[in-house]
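> Please find one structure pasted underneath; my questions will follow.
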Amino acid sequence: MNRLFRDAIGGPLCPQGSVACIGAFDGLHLGHRALVGRAVARARALGVPAVALSFEPLPREFFAREAKPPRLMLPRARLAGLLGLGCDRVGLLRFDAALAAMPAAQFIERVLVGRLGVREVWVGPGFRFGRGREGDLALLQAAGAAHGFTADEIAPVLLEGERVSSTRIRAALVAGDFALAARLLGRPYAIGGHVVRGQQLGRTLGYPTANLRYGGKTPALRGIYATWAHGVAAHPWPSVSSFGTRPTVDGVEPLLEAHLFDFDGDLYGRRIEVEFVAHLRDEEKFPDLATMVAQIRRDDERARAILMDQAPQRASA
């Protein structure tokens, strides 16, 4: 059974019914985990599949095409994370003009009832959906009375008196407060992917890097960081990473470049994960490569010193 589905319109996916939770799930923070956990628990109690329903691209990305808002998590990681939390199926519905124009009542009938046969629907506080964000919990509950399902929302998840949210995590990352971001996420912030070939300029300069693309998305942070690389060896590997557009060499696409200290090996095609520990400096454009290399050397030394005093917070991927 394919556990991922992308189409809003189609035949039934859960003939025996399902329990669904709906949200952006960008970052899979503590609030998202509470929502998914509730849906999974209810699905197990009813003996039906648990379905996490989201969108790709996210609606806010679709409506802001000129300046896409930052993403915490790429689609593959979001899918893996939702499955890891116990979801039996994950819908990353293609958010296009047709879906954006679909009335909320039609979304309920076609997707929730027609495709998923929902018996329960769970959402977060303030959830809105459908054309012009016209749908809300009250509409879900009214439709449920007609179609034979129930709908409810979970209570807000608070940390230090404030609601846990993706917006709050993005602000923490921009501020370099990785400790707060980790508390909000329930784990350290990290980005994973398959190592790709870059321009190999770092290798010629004596600082080879493992490069990860960000899938055309806008990252939530940019700059130079002390990091741990997971999936390279049996233990996390200390590293210094640059995440940005590489202005000195006229880069365009956001690229995560991790220089693994004293590492000798071929990582091309390997899936690794880079855990962010500390912000060293912002990305900048240097007048020449010699000046850039001198700064890279200082970044290297500073990152080594930071990582010597801080153990990695997660097991190796």
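The values are calculated or read from the model by the stated rules, or taken from the named source; none is laboratory data. Quantities reported herein were computed from a predicted structural model and do not represent experimental measurements. Neighbour counts run over all protein chains shown; Cβ positions are idealised from the backbone, glycine included.
> Return yes or no: is GLY126 assigned to a loop (DSSP other than H, G, I, E, B) and out of contact with any Lys or Arg (no Cβ under 7 Å at 6 or more places or on another chain)? I'd like the intermediate steps shown before the answer.
Details: assigned to a loop (DSSP other than H, G, I, E, B): yes; out of contact with any Lys or Arg (no Cβ under 7 Å at 6 or more places or on another chain): yes.
So GLY126 fits the description; yes.
> Those residues that are modelled with pLDDT under 95 and of a type outside the set (S, T, N, Q), I need them from the range 238-255; list them, please.
Hits for the range 238-255 are PHE243, GLY244, ARG246, PRO247, VAL249, ASP250, GLY251, VAL252, GLU253, PRO254, LEU255.
> Next up: If we keep just the residues of the range 31-66 that are hydrophobic (A, V, I, L, M, F, W, C) and without any contact (Cβ under 8 Å) to a residue 24 or more places away in the chain, which is surrounded by the fewest Cβ atoms within 10 Å (Cβ to Cβ)?
Only one residue tops the list, namely ALA45.
> Let me ask another. Would the range 78-90 turn up any residue that is closer than 20 Å to ARG6 by Cβ, modelled with pLDDT under 95, surrounded by 15 or more Cβ atoms within 10 Å (Cβ to Cβ) and among the acidic types (Asp, Glu)?
Scanning the range 78-90, I find no residue that is closer than 20 Å to ARG6 by Cβ, modelled with pLDDT under 95, surrounded by 15 or more Cβ atoms within 10 Å (Cβ to Cβ) and among the acidic types (Asp, Glu), so the answer is no.
> To continue, here is another question. Hey, any hits in the range 284-303 for a residue that's touching a Gly at 6+ places or on another chain (Cβ under 9 Å), modelled with pLDDT under 90 and closer than 18 Å to ILE191 by Cα?
no
> Something else about it: If you check PHE95, PHE127, which single one turns out to be more than 26 Å from VAL157 (Cα to Cα), of a type outside the set (Asp, Glu), surrounded by 15 or more Cβ atoms within 10 Å (Cβ to Cβ) and within 23 Å of the chain's Cα centre (by Cα)?
One residue alone meets the criteria, PHE95.
> Which one of these is under 26 Å from LEU221 (Cα atoms), outside the structural domain of GLY193 (by TED's automatic domain parsing) and in a strand (DSSP E or B): LEU53, LEU92, LEU28, LEU82? First the steps, then the outcome.
Values: LEU53 fails: under 26 Å from LEU221 (Cα atoms); LEU28 fails: in a strand (DSSP E or B); LEU82 fails: in a strand (DSSP E or B).
The match here is LEU92.
> Follow-up question, since we're still on this one. State all residues of the range 252-291 that are farther than 20 Å from LEU173 by Cβ and surrounded by 18 or more Cβ atoms within 10 Å (Cβ to Cβ); if no residue qualifies, say none.
Selection gives HIS259, LEU260, LEU267.
> Determine, yes or no, whether ARG170 is closer than 30 Å to GLY223 by Cα, outside any loop (DSSP other than H, G, I, E, B) and charged (D, E, K, R).
yes
> Right, another one. Going through the range 181-198 one residue at a time, which ones are at pLDDT below 95 and basic (Lys, Arg)?
ARG197
> If I ask for residues that are in contact (Cβ under 8 Å) with a residue 60 or more places away in the chain, of a type in the set (Lys, Arg) and closer than 17 Å to SER54 by Cβ, which ones from the range 83-136 would you list?
ARG89, ARG94, ARG110, ARG115
> Right, here's the next one. Just to verify a result, which residue in the range 148-194, among those that are crowded, with 18+ Cβ neighbours inside 10 Å and of a type in the set (Ser, Thr, Tyr), is farthest from VAL113 (Cα to Cα)?
The qualifying residue farthest from VAL113 (Cα to Cα) is TYR189.
> Quick one: how many residues across the range 49-72 are among the aliphatic types (A, V, I, L, M), within 22 Å of ASP7 (Cβ to Cβ) and in contact with a helix residue (DSSP H, G or I) (Cβ under 9 Å, 6 or more places away or on another chain)?
The number of residues fulfilling the criteria is 4.
> Is at least one residue of the range 141-150 over 25 Å from ARG271 (Cα atoms) and part of a loop (DSSP other than H, G, I, E, B)?
Our first condition is that a residue be over 25 Å from ARG271 (Cα atoms); within the range 141-150, this holds for 141-150.
From what is left, the residues that are part of a loop (DSSP other than H, G, I, E, B) are 148-149.
Within the range 141-150, one or more residues are over 25 Å from ARG271 (Cα atoms) and part of a loop (DSSP other than H, G, I, E, B).
> Taking only pairs six or more apart or across chains, which ones have beta-carbon atoms under 8 Å, a first residue in the range 254-282 that is assigned to a strand (DSSP E or B), and a second residue that is of a type in the set (D, E, K, R) and at pLDDT below 95?
Qualifying pairs under 8 Å: LEU255/ARG213; LEU255/ARG246; LEU256/ARG213; GLU257/ARG246; GLU275/ARG314.
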